[in-house]
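Engineer: Please see the structure below; I have some questions.
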Amino acid sequence: WIIDPSSAAASLSMPLLEGAGLSTQIGDVGSFFITIGVMTLIGVIKQKRHWLYAPSMLLLVAALYRVLSTILHDAAFALPAIAIEIIVGLFLIFAGSRISKES
């Protein structure tokens, strides 16, 4: 999102916005992906389950909001994105549950 925002936006099937919208798009979407990736890596490296729960929550809430956007605002139902968010979110919860509490 920082280096090539137009390609990043295109890969998510969204237009690249302008002005304050562009700032929000780069900041929010970029931070979403970086936070999920970094927290997941920290959880895996440190073997601390709590690091996996926040990225899981981000993904599962994103899936919920996608569904709500369809129900409440007639947005296109983005099944592939929703499925990935749910699968990865649940996997992170499962992986966290496999790390011992002492770790």
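Engineer: Checking the structure you have, find out if any residue of region 67-80 is under 12 Å from the mean Cα position of the chain (by Cα) and open to solvent by 70 Å² or more (accessible area, probe 1.4 Å).
Structural biologist: We begin by selecting, within region 67-80, every residue under 12 Å from the mean Cα position of the chain (by Cα); these are none.
No: zero hits.
Engineer: Still on this model: Answer with yes or no whether residue 28 is of a type in the set (D, E, K, R) and under 11 Å from the mean Cα position of the chain (by Cα). Give the derivation first.
Structural biologist: Numbers: of a type in the set (D, E, K, R): yes; under 11 Å from the mean Cα position of the chain (by Cα): yes.
Criteria met by residue 28.
Engineer: Can I ask one more? Scanning region 41-66 for residues that are in contact (Cβ under 8 Å) with a residue 24 or more places away in the chain and within 11 Å of the chain's Cα centre (by Cα), which turns out most open to solvent (accessible area, probe 1.4 Å)?
Structural biologist: 57
Engineer: Check 41, 59, 52 and return the single one that is within 16 Å of residue 98 (Cβ to Cβ), of a type in the set (A, V, I, L, M, F, W, C) and part of a helix (DSSP H, G or I).
Structural biologist: On inspection, the qualifying residue turns out to be 52.
The values are calculated or read from the model by the stated rules, or taken from the named source; none is laboratory data. Keep in mind that this is a model prediction, so the values were computed, not measured. Every residue, glycine as well, gets a Cβ built from its backbone with ideal geometry; the counts of neighbours run over all protein chains shown. Note: accessible area is taken over every heavy atom of the protein model, side chains too, but ligands, DNA and RNA are not part of it. Shrake-Rupley method; radii C 1.70, N 1.55, O 1.52, S 1.80 Å.
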